[in-house]
1. Can you give the charge dipole size of the stretch B:271-317 about its Cα centre, rounded to the nearest 20 debye, using +1 on the beta carbon of Lys and Arg and -1 on the beta carbon of Asp and Glu?
2. Roughly how many whole Å is it from the C-alpha centroid of the stretch B:256-315 to that of the stretch B:230-254?
3. Taking the Cβ of A:THR118 as the centre, find all other residues whose Cβ is under 15 Å away and add up their charges (Lys, Arg: +1; Asp, Glu: -1).
4. Return the FRET efficiency for the residue pair B:CYS239, B:ARG345: r is the Cβ-Cβ distance, R0 is 22 Å, and the value is rounded to the nearest 0.05.
5. Just add up the charged neighbours of A:LEU67: K/R +1, D/E -1, any other residue whose Cβ is under 13 Å from the Cβ of A:LEU67.
6. What's the Cα-based Rg to Rh of the protein assembly as shown, Rh via Kirkwood?
7. Take each of the peptides B:132-142, B:316-326, average the number of other beta-carbon atoms within 10 Å over its residues, and list them starting from the highest.
8. With +1 assigned to the C-beta of every Lys and Arg and -1 to the C-beta of every Asp and Glu, and no other charges, what is the dipole magnitude of chain A about the Cα centre in debye, to the nearest 20?
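No value in this document is a laboratory result; all are computed from the given coordinates. The structure displayed is predicted, hence computed values, not measured ones. Neighbour counts are summed over all protein chains in view; Cβ atoms, including those assigned to glycine, are modelled from backbone coordinates with ideal geometry.
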Amino acid sequence: MKFWKYALIFATVTFFSALFYPLIAQNLEPSAITHPSPESWPTYHGDYSGRRHSPLTQITPENVPYLTLAWAFQTNQTAAIKSTPLLVDGILYFTVPDNIWAVDARSGHMLWHYNKPTDDGDHIGQRGVAMYKGWLYYLTPNCHLISLNAKDGSVRWDVTVADVKKGYWTTMAPLVIRNHVIIGVSGDFDNLAGYLRSIDPETGATQWQWDSTPPAGTPDSTTGGMTWMTGTYDPELNLLYWGTGNPTPVLSGKTRPGDNLYTCSIVALNPDTGKLAWGFSVSPHDTHDWDAVETPVLTDGDFHGQPRKMLMQASRNGYFFVLDRTNGKSLLTAPFGPVNWSLGVDKDGHPIPNPAKQPAPDGRLIAPDEGGLTNFRAPSFDPKTGLFIVDAHPSYSIYFSKPTDGSYGWSGADYGLWGKGVIEAIDYQTGKLRWTHEVGQGGSGAGVLTTDSGLTFTGDAHGSVLALDTNSGKTLWHAGMGAPMFSSPSTYELDRKQYLITSSGGVLFAWALPETGHKASNELF
Amino acid sequence: MIKRIQTIALLAVVLGLFTAFIDVGWCQATPAAQQHGNAVGAESYAKHCAICHGEQREGILPGFPPLLEVNRQLTPQQIENLIHTGKGRMPGFSKLSEEETTALIRFLATDELTAKAADGSTNVAEAGHHLFQRNCAFCHGRDAAGGETGPDLTRSKLVLSDANGAKVTDVVRNGRPDKKMPAFNFTNEEIHSIVVFIHRQATSSRPGGRRGVDVSDLQTGNAEAGKQYFNGVGGCAKCHSATGDLAGIASRFEGLQLEEEMLYPRNAKSKVTVRMATGQTMTGQLAYRDEFTIGLRDIDGVYHSWPVSRIRYTIDSPVDAHVELFSKYTDDDIHNLMAYLQTLR
């Protein structure tokens, strides 16, 4: 009799598990982004802090030499993967322009593929989707925000968020904060104002819009300040942090006197209202196309003996910034490579542009080059060592601009001369480099991931994925992937197995420790 | 014999299908073609001839002959007869009106460039325009006049000297890894359309959009000061000589290209000597180098590579001296050096 009683309970539990499981699966409550589980990677940066630092420790400096391929996924596309896949309930979601894939994170097999070519808009890249409950949010090259059902990729709604005919396009991975889908825009070839917009996740309706600059045509004013990289968020302060792009006209500053706020800036906004709390100009009056859109990384800790809520950015203009993120005041500004365009740093931590280094008819030698000392590739902050690790690009170029180039769009020309890739570990308290690791001529497009076990994952200029010792920068493991990375690595754990995700060209790779044969760590297997 | 009849029948069917297709497809070309002088002739060509003889009259070899400069081989009367009665597998077009036939013959007598402008290539350029926007515009600019990191193609010597697109095709297909240009998979027609688009951009005027560097922009330096820098603090004379390797440099390069070569010669070669565990050494041109592998080409052009953990190597890379100068130059130094190098003709 007892047997039947247990059998009944077992059957009931099994039945209801089976019934409820599909309801649980492919669902992301916004609160789960605030404290992401190790079995997820729920936003572009993995969490709201933008640190790209994982608490996972199964892969260690000791066993990482045994890291091996778990699976590879072929998109069969020419476009390089630039997105960081989301991982929710065992499924990876990632993109290239006009395409989204849902892939089983355990096996790498495809569940569905959204494939809708668009003619208009720049197809330079697509950085990934965002998720809210069971819905995905994806920006098209021609400036549509599309909400799709995560289960099958079917489209729920499609709204236009910018005018592609005016010269906007969209590439970024939206950021979900509660019931706000925050999106940004791109567009450098026209004198257009950048903006951030908050969209209702259920309806697609606009909740608010914050403009980086006054409207185009405002006298003595700038345009620009595009918002093409995903920002970060502090739930306690309820502040959204975002980097803004360069002013336009790009290489000529004559028609836009002054600092050109808020282009090349870090801004803090209330995500419920879009109201500006503070803004910090990273490149006042930029004339070199140095978007300040690189990740505003958030961390709490000691700064010169005082507890601080900090925001750090290694910026494209060559300077590393530490700000107090409660008020936007500077704590540190220091170059992290060759920089020759400034007259130093003012008392508030802003670099002072040297007028003699503005683009000129006969050319100016400028460091770094237009691609900058770093760029879209994400850095990582390792709290244990206090190291801010960034894929840097020491470089030189020549910049030209003459009156006949006009004051619309580019308004000049620039030519890279030389550059190389260097992974740099910056001590956030001093801005000094604790170690450097060269990754090749030309430079690397790979972002950085650190883990609690003391590992740094990134890629070199030639197509190898690298595992470095976070303390020393020494290589512990590498594998050739066939083409350079243009994305930032991520990691997650499923079934007590830690995976590292990297991409190369149009192929997504999952790496893990071998199932058998090697005893990696005590808690394993 | 039966096989031959089948082939002819098949060809007839295919031609019939194509003709029907073209009838629809080229209606849209009409408005654009009308902007040009001989719209009737161009339209007639597109409608009846282009499917076999090519949109640009380039022919589809080996089956269909090109018609460019056909007027050098045949008289207008011969051409007219051919059009009306056909020849071999070319069908006769007996129902063409006299007016259309005359226009078509006149069109066939136009030179290549005129043909490109008139025969509907506005649409080819538009197709190229779309492809360009999607794939090329971010680096080379929406107007092909340069953008993020990519050069101005409307001023590119390679593009301008490449009427049929062969050189561009080579670059597009293979990329330029040294300059970070990726390789693309396009069909010949797609690349052709992009070339047509770029050529159109090069000849159309766009207020405010034009950008680039002219030779005249780079004439602000002082040649005497440049010579002093060359022989003095610049240290250029340690490796280079105005009468040796740089003799006539200004005849080989000019303007921006000369300045880029001066600041960092991208194609400079390095020498590597590898010492193997056996004690044996090999020297050659450095062909590959990353953190894990070193590769060289020996004197016979044969490639060899080693894991760097198994060997020792030394690299002689004279071009590094150019990198060291970057942090030392003033802009005046560069302009003066340019002025001096431009005297070496």
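1. 140
2. The distance from the Cα centre of the stretch B:256-315 to that of the stretch B:230-254 comes to 25 Å.
3. -3
4. 0.60
5. -1
6. Rg divided by Rh gives 1.01.
7. The packing order, highest mean first, is B:132-142, B:316-326.
8. Its charge dipole is roughly 640 debye.
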